[in-house]
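Everything below concerns the one structure shown next.
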Amino acid sequence: MAGDVNKHLDRAKRFLEKNRVEDAIEAYLAVLDEAPQHQEATQALGDLYSRMDQPDRAAVYYGLLFDLLIDPKDETKALAIYNRFLRSNAAHQPPERIARYAFLQQKQNRPDEAVEQYAKAGELFSAAGRDEDALFCWERIAQIEPDKLAQQMRLAEAAERLGKIALAARAFLRAGQLATASGASADALHLLGRAHKLAPQERSVTLLYAQANLQSGNAVRAVTLLEPFASSENDAPFLSTYGDALMRAGNLERATEVLDRLIRDRHEGITQLFDLADRYVAAGQDQKATGILLTLKRRMFADKRENDFATLMDGVGAKYPHSQAILEFWAAIHNELNRESQYFEVLIKLFDVYLTSGNVAKAAESLERLVDIDAYDYRNQERLELLRGRVDEAHLKRIASRLMKSVPGTPPPPSHAPSQQANGVPLATTEEGRHAQALEDLIVQTEIFLQYSLQSKALERLQKIAAMFPGEEARNARLSNLYQVANWWPPGAAKAKTEPPVVAAAQAEAPAAPVPEVQQPVNITNRTGVYSAETLRDLSKISEINQKIFRQQTPRAMLNTAVTEVGGYLKATRALAVVGAPGRPPEMAAEFCGSGVKPAPGAQVVLLLAHMEKAEPDQLGGLVVQAAEGSILRDLGVETALAVIITDKETQLPAGMLIAAHAEEHKWRPNEAYFLQAIGDQMLMSVSHTRLRSLVRRMGVSDERSGLLSRSSYQSCLLTEADRARTQGTPLALTILQIDRGADLLRTQGESPLERFLEQLARSLQPIVRQNDVAVKYTSWSLAFILPDTTLAGAQNLADKLRRAASGLRPPWDSTQITLSAGIVEAVAKHEYDSEDIVTDLINRAEFSIEEARKRGGDTVVTLETPKL
């Protein structure tokens, strides 16, 4: 047979050489009679009929050739044949060939073309009654376009007709998911119901169908669906849905068991447990509600999420202002978190509840606590009167002795300072003494609030003073000064004409003008001795260099900046900075070399350090060494060198050295030693802080995915930066960036989606901040950025950049863009403040700024100006 094929091929080629096309066609047809899958003959016939302008007959043989080229190694050639010769004649192609062409397009990653061809093949198969083959095409299309509802529906209907139950169930399930995502809840319920009917044993199908029933309000049906799986399922989505269904169906006891398991084993379900507590209160089972809240408190406090718990608890408490158990629990939370104002407001509600229920002993106890917090609240007297005749009179007298009536017409105390006794009677026991003590207490409270920049609380106290002691500012200079500092005056009061003592004192302490150059040295006392006025002229340069050092991102850059600035300012031939304990090779070193001076080899640097360490320090702590024949200084080309030893402030041990040297004779002045010491101290401190920040980032990161520090590191970082800012006189700012309606989102979306979005937000924002800035996870919906060496204006610019960068992010639960608000504050540096005072004030004002942003409706930036000193 092979011999006959070859003879026919030879004949066909000879006929073609003689241009006898018809005879060549007959020869090639003879080849196909002997070998029907002969590719050469098949292609030759297609080519010859094409030359003869017979496209229909050519298409027959090109189609056969396409079928022969399906082998993977010939796929490219097959596609070329189909596109060139068969595509225009697709209506006359068999559906198998069209489907094979669609498959090749799919493999070539051309989804649109593949879908179009599969659809043509599927229609042709259906028209021919070949439903199995049509189903293959619909399944392929659904795989290529999994997010199109119509494709999934066509596949599901076809598979169900043919009894392909598993395939039909999967397609209906996917269609239901797509309907849910588009908001068509009724369609989703119907489609998921069809999927469940086909595969009731499939847990994933049942779970989605139950969720659809929950969304439509049929919680009882959802419980019935999930009950068969409850004993064996333990994953979070199932437990969450099942617990939610039980809770909405009114089976609170069983819901408690399921949700307890969820939070215990999976650390999820916090918002659902709050909802469960809410339902228990609504059902009149307050004690069970508080038991759930106690469980939640332990979990969230252990996770350092006290503020999140308090926010969610505020929602429950505000909803049930007449529940004694909830109010008691709510009050205890605010008391434990030292939230005095919130604790006060809840105690007021508790007092009313106790009084209404007839529990006057508890009402009196609540009043005592209210008096402890604020003895001058005008409502306390009214509450006291409500208790008269119902509580032991002696008990009421003890409470009354701590109250101060804030009613019009209260006689003011005498204008002179009261003595400790009046006519032999202790002042506190007389009416006049109580007035004087009340005024003193209120003034002290106001001074504390002003010190910590709690302006609103200070104004509240001043308004009480004005109501209780009208006109007192005219007789009391201290009170007048408070009005002036707070920039608030009682109605009708004349503002002071003179500056308050605090302001005057501050101005008296400030330098009136720059110190002029004089012939006779003016001495000033410093921590290292007594220096001439030349030292003062170096102070501005020291400040400038220190700022440059601090702004560097790495320890190496800090050393290079230090030696470059020192060498240039002192016009030195060489300047050398090293970090490391004496007697050992330096950990780091940097050198400045004047024009034409070559850097010193490492061995000579070690010798120079050893030589300088042997020198006797002068009275200012400077180490001065002169060159001698054969000394290391001569080898380095310098005649004299001055060094200062830099001490680690933590260990009080030598930790480095800063050296300046001249090639010519030079008499070192005291201010130059002081200059070197100041620069060296700053250099070492900056290096230490950079290392500390790196360590904190390695040890304090709570989440590798977001790179954020945990809330537990927040105050420690602020204290560290406040201490550095006080020492160096640099600014420190704090920005809190908050997702608007965060508490609502936590309740409605749940903890995990909000956590994932916060991680996404953090990852997108961190490249914008500097290496020295510190990002902290503040709450479940907010981030804090600690910004060293940053003014209020700089922090505001950064906040604008952060909000713009976040504007394109979409949360995973919705396509709607979220909005962000920012609160911005700058640290207040008063000479009487220590680092703890600065941080307390900074945190209070930052909290106030973000709360103000919330009150304004969100999507805003609140910048609190630094209070004037």
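Below are the figures for this structure:
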{"item": "Listed values (1) 39.1; (2) 65.1; (3) 45.6, entry calculated as mean projected area of the Cα convex hull in nm²", "result": "(2)"}
{"item": "Karplus-derived 3J(HN,Hα), 6.51/-1.76/1.60, for each residue of the range 465-479, Hz, glycine and proline x", "result": "4, 4, 6, 7, 10, x, x, 5, 4, 6, 9, 10, 5, 5, 5"}
{"item": "Sum of side-chain charges, F592 neighbourhood, beta-carbon under 10 Å (Lys, Arg +1; Asp, Glu -1)", "result": "-1"}
{"item": "Length-normalised contact order for the chain - Cα pairs under 8 Å, 6+ apart - percent", "result": "5"}
{"item": "At most 15 other Cβ within 10 Å, DSSP loop - GluC sites (Glu not before Pro), the range 740-846", "result": "E832"}
{"item": "Cα-based radius of gyration of the range 1-107 once divided by 2.2 N^0.38 Å, which approximates compact folds", "result": "1.11"}
{"item": "Å² per residue, accessible surface of the chain at 1.4 Å", "result": "49"}
{"item": "The range 734-782-the range 565-641 distance, computed between alpha-carbon centres (Å)", "result": "50"}
{"item": "Percent carbon-and-sulfur accessible area, the range 52-117, ignoring ligands, DNA and RNA, probe 1.4 Å", "result": "51"}
{"item": "Accessible area of R279 in the full protein assembly, 1.4 Å probe (Å², nearest 10)", "result": "80"}
{"item": "Exposure of C593 as accessible area (Å², to 10), given a probe of 1.4 Å and all protein chains", "result": "40"}
{"item": "At R0 = 51 Å, FRET efficiency that the Cβ-Cβ distance of D800 and H190 yields, to 0.05", "result": "0.60"}
{"item": "Candidate residues T727, T735: accessible-area rank, largest first, probe 1.4 Å", "result": "T727, T735"}
{"item": "Phi to ³J(HN,Hα) by Karplus 6.51 cos²θ - 1.76 cosθ + 1.60 over the range 197-210, Hz, x for Gly, Pro", "result": "5, 7, 9, x, 7, 7, 5, 5, 5, 4, 4, 5, 5, 5"}
{"item": "Ranking by accessible area, most exposed first, for Y61, Y483 with a 1.4 Å probe", "result": "Y61, Y483"}
{"item": "Neighbour net charge for R741 - beta-carbon separation under 11 angstrom, K R +1, D E -1", "result": "-1"}
{"item": "Accessible area, probe 1.4 Å, largest first, for residues R57, R478", "result": "R57, R478"}
{"item": "Between 0 and 90°, nearest 10: helix 602-613 axis offset from the chain longest Cα axis", "result": "20"}
{"item": "Calculated FRET efficiency for the pair N109/K548, C-beta based, R₀ 56 Å, to 0.05", "result": "0.55"}
{"item": "Residues whose placed amide H lies under 5 Å from that of T573, excluding near-sequence neighbours", "result": "A661, H662, A663"}
{"item": "Nearest-0.05 FRET efficiency for R203 and D67, computed from C-beta distance (R0 35 Å)", "result": "0.20"}
{"item": "Cut-off under 5 Å, modelled amide H: who pairs with M588 long-range", "result": "V579"}
{"item": "Spin-label model distance (nm) - D147 vs N335, 7 Å beyond Cα toward Cβ", "result": "5.5"}
{"item": "Hz values of 3J(HN,Hα) by residue in the range 748-753 - Karplus curve (6.51, -1.76, 1.60), Gly and Pro given as x", "result": "8, 9, x, 6, 4, x"}
{"item": "Those lysines that a straight Cα-Cα span of less than 23 Å connects to K598, excepting residues fewer than 8 apart in one chain", "result": "K571"}
{"item": "Alpha-carbon Rg with Dmax, taken over the range 201-243, Å", "result": "9.2, 26"}
{"item": "Accessible area (Å², 1.4 Å probe, nearest 10) - E365", "result": "60"}
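The values are calculated or read from the model by the stated rules, or taken from the named source; none is laboratory data. Please read all numbers here as calculations on a predicted model, not as lab measurements. When we count neighbours, we look across all protein chains shown, and the Cβ atoms used for this are built from the backbone with ideal geometry, even at glycine. Accessible surface is based on the protein model in full, side chains and every heavy atom, while ligands, DNA and RNA are left aside. Shrake-Rupley method; radii C 1.70, N 1.55, O 1.52, S 1.80 Å.
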